[in-house]
Amino acid sequence: MKRAISKEDKLTDVELAKVKEIENGPVKSKRKYPGFRKNMLDYIQEYTDYTGIHGFKYMGEQDRSIFEKLWWLILFCISLYVCIDLIIKTWEKWDTSPVLVSFARSPTPVWQIPFPAVTICSETKTRQTKYNFTDAFDRYRMFGNLSDIEMKHFADSALICDNHLYNGGNKSTGLDTIDYLMSVAPQFDDVFHSCRWTLQNKSCNSLFFPILTEEGLCFTFNMLDRSQLLRNKVLVFFVLSE
């Protein structure tokens, strides 16, 4: 028995597709690749999975809540801000006072390197026989009944003490303040008992020289001569106030 051949059997596949498109309307073809948003999310997910930056992995994990991701994002932003701030401060410091470090092309033996300068400062800033800072501080804190000369000595002595003790006083100092600090500071015999250099006992006066620093009167060994550190021409600025 012969099978009846319909009209559709005589049409090719291309013709059938055109007929169905006419009957049902145009058929939208499927996208061969995912969209831009999906690709971007996949790239971010892959980057957070394999990056070595601490914290990024937790921001990209799917099973973590939005609060955990937000917390790690805040920590990352804070760390980034601190790093940028440190970089800016380092750049400003280098820009204002640049320091160039160069390495010698030929090695230098240790015995040819000069011994560095050593500065020793006493923890006791004033001799109690000359000025009792503790007694003055207690009277200032409890009663505040210091005379003008006592207040002047107290403010001058506080310059070489911790900042939390007293922050008042004048913003500038004169030669009388320096002379006062030198007079009440511990002397050689109060700081040194004996000195020895290159296996030889020597007098401390011949090895150490007094120098005034922010820690008060200190003593320096092997320091360069003052003529190599200072200059004779000194610029003096006067501040005029009404």
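Quick rundown of the values:
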item: Verdict on T220 being among the hydroxyl-bearing types (S, T, Y) and part of a strand (DSSP E or B); result: yes
item: Helices (runs of 4 or more DSSP H) lying entirely in the stretch 119-191 (those with 2 or more residues that are among the basic types (K, R) and either over 24 Å from T220 (Cβ atoms) or out of contact with any Gly (no Cβ under 6 Å at 6 or more places or on another chain) (or both)); result: 133-142
item: Residue list for the stretch 174-203, filter: in contact (Cβ under 8 Å) with a residue 24 or more places away in the chain, aliphatic (A, V, I, L, M) and under 21 Å from D156 (Cα atoms); result: I178, L181, M182, V184, A185
item: Number of the exception - I84 against (1) part of a helix (DSSP H, G or I); (2) of a type in the set (A, V, I, L, M); (3) within 30 Å of M182 (Cβ to Cβ); result: (3)
item: Residue in the stretch 198-220 that is touching a strand residue (DSSP E or B) at 6+ places or on another chain (Cβ under 7 Å), over 16 Å from C121 (Cβ atoms) and among the basic types (K, R) present; result: yes
item: Options F137, F133; residue that is touching a Leu at 6+ places or on another chain (Cβ under 8 Å), surrounded by 10 or more Cβ atoms within 10 Å (Cβ to Cβ), on the phi < 0 side of the Ramachandran plot and free of Cβ contacts under 8 Å to residues at least 60 places away in the same chain; result: F137
item: Filter result (more than 22 Å from E123 (Cβ to Cβ) and either touching an Asp or Glu at 6+ places or on another chain (Cβ under 9 Å) or not assigned by TED's automatic domain parsing to the domain that holds G216 (or both)) within the stretch 174-187; result: D176
item: Search result, residues across the stretch 150-176 that are more than 20 Å from D135 (Cα to Cα) and under 36 Å from the mean Cα position of the chain (by Cα); result: N170, K171, S172, T173, G174, L175
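The values are calculated or read from the model by the stated rules, or taken from the named source; none is laboratory data. Given the structure is predicted, the values throughout are model-derived calculations rather than measurements. Because the Cβ atoms are built from the backbone with ideal geometry, glycine has one as well, and the counts that use them run over all protein chains shown.
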